[in-house]
Amino acid sequence: MEVIQDNAIDLSVKIAGIKMKNPVMVASGTFGYGEEFSSFMDLRELGAIVAKSITLLPRPGNPPPRIIETPAGMLNSIGLQNVGLDRFISDKMVFLRNIGIPIIVSISGEDSGEYVELSKRLSEVEGVSGLEVNISCPNVAHGGMIFGSDTCLTYALVKAIRSATKLPIIVKLSPNVTNIVEIAKTAVEAGADALSLINTLLGMAIDIYTKRPKLGNVTGGLSGPAIRPIAVRMVWQVAKAVNVPIIGMGGIMSTSDALEFIIAGANAISIGTANFVNPQTALEIISGIKDYMIQNHIQNINHLVGSLRLEK
Ligand SMILES: Cc1cc2nc3c(=O)[nH]c(=O)nc-3n(C[C@H](O)[C@H](O)[C@H](O)COP(=O)(O)O)c2cc1C
């Protein structure tokens, strides 16, 4: 069989019209505003950065404790703590736009009007490659996951954002639903250019001695390796049902984890919880995917997407 040279490997992907030099992204809320990780790695090596979800006004987030470890994962109840749109534009975007890779801005709101306003204002900001619409945050009392758990609300929201911006729209789905395929199809019908999945699974932990919840907000979102099989299953189901690119995430810690998602149908993958364990994870996975492609004679990453074999 023909040997593929290292420089002949094509890792580039196009997600919602956004060109990335490789399919490895970092997930919203686990990579700050990029700058926090700049001393650990060359950020230019990443496929794209998805910034922490922003809201119109700054948010302090939920009361502590907001993060606890669980077997094979973590529970967080951050509650969308963020600097708010004005400071994001005047401060955080200045650093982000100078990195030289696609910057995807995650938006979240309490109502449709807030998402629309965020979309309009961000459309005017230099260096924003696309919007990730977070309709899946499990840690807020208003908005968040409520939008992503109901097809009517998903449709109306995505449609309203579609009319407000020409930026690529990536809708981030919640796993806390009975039928994620229904929500995925609805988001695409309403104008989503791509889908991200999954956000965290709603969970809870109790201190048996104090009989109090371990998180200040009582419940939180479960992430990390514990949720990976659920995420892979959902990516596979959604990929079969829609014709837009999919960004897969949920417990990706290693190259083989990332490859599972790609084979299941993800066009790109995102690293979340692993950034807290080893900030180099994304870069290690980029080179690991390349090695796998050389070993398996795959020249173009797109040929691997959805290559799951079901025949016996
Ligand atoms: C501490 C923490 C904060 C997060 N904040 C956000 C957020 O602001 N917006 C969002 O869309 N997802 C947020 N997420 C969800 C992640 O982006 C990702 O979808 C999820 O954690 C699953 O991937 P993982 O298991 O690799 O972490 C957060 C996750 C964690 C652990």
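The values are calculated or read from the model by the stated rules, or taken from the named source; none is laboratory data. Owing to the predicted nature of the structure, the values given are computational and were not obtained by experimental measurement. No Cβ is skipped: glycine too gets one built from the backbone with ideal geometry, and neighbour counts run over all protein chains shown. In case anyone asks, the SASA skips ligands and DNA or RNA and just uses the protein heavy atoms, side chains included. Shrake-Rupley method; radii C 1.70, N 1.55, O 1.52, S 1.80 Å.
Quick rundown of the values:
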read-out: Any hit, the range 133-140, residues being within 15 Å of the ligand (Cβ to nearest atom), touching a Ser or Thr at 6+ places or on another chain (Cβ under 8 Å), part of a helix (DSSP H, G or I) and open to solvent by less than 60 Å² (accessible area, probe 1.4 Å); value: no
read-out: Condition check for Leu197: open to solvent by less than 40 Å² (accessible area, probe 1.4 Å), more than 9 Å from the ligand (Cβ to nearest atom) and either modelled with pLDDT under 95 or not polar (S, T, N, Q) (or both); value: no
read-out: Residues within the range 93-114 that are hydroxyl-bearing (Ser, Thr, Tyr) and out of contact with any Leu (no Cβ under 6 Å at 6 or more places or on another chain), tallied; value: 1
read-out: Single match in Asn98, Asn76, Asn62, Asn82 (criterion: surrounded by fewer than 19 Cβ atoms within 10 Å (Cβ to Cβ) and either farther than 23 Å from Ile247 by Cβ or within 15 Å of the ligand (Cβ to nearest atom) (or both)); value: Asn98
read-out: Cross-chain or 6+ apart pairs with Cβ under 9 Å, the range 276-288 first and within 13 Å of the ligand (Cβ to nearest atom) and open to solvent by 50 Å² or more (accessible area, probe 1.4 Å), then among the aliphatic types (A, V, I, L, M) and modelled with pLDDT of 95 or more; value: Phe276/Ile67; Phe276/Met74; Val277/Met253
read-out: Cβ-Cβ under 6 Å pairs, at least 6 apart or on other chains, the range 8-32 side at negative phi, far side hydroxyl-bearing (Ser, Thr, Tyr); value: Ile18/Ser129; Lys21/Ser12; Met25/Ser270; Ala27/Ser270; Ser28/Ser53; Ser28/Ser106
read-out: Residue within the range 79-87 that is more than 20 Å from the chain's Cα centre (by Cα) and more than 21 Å from Phe31 (Cα to Cα) present; value: no
read-out: Checklist (1) within 14 Å of the ligand (Cβ to nearest atom); (2) within 25 Å of Asn62 (Cβ to Cβ) applied to Gly130, failing item; value: (2)
read-out: Any chance Asn302 is assigned to a loop (DSSP other than H, G, I, E, B), open to solvent by 50 Å² or more (accessible area, probe 1.4 Å) and among the polar types (S, T, N, Q); value: no
read-out: Any helices (runs of 4 or more DSSP H) falling wholly within the range 141-256 and containing at least 1 residues that are over 15 Å from the mean Cα position of the chain (by Cα) and in contact (Cβ under 8 Å) with a residue 60 or more places away in the chain; value: 180-189, 228-241
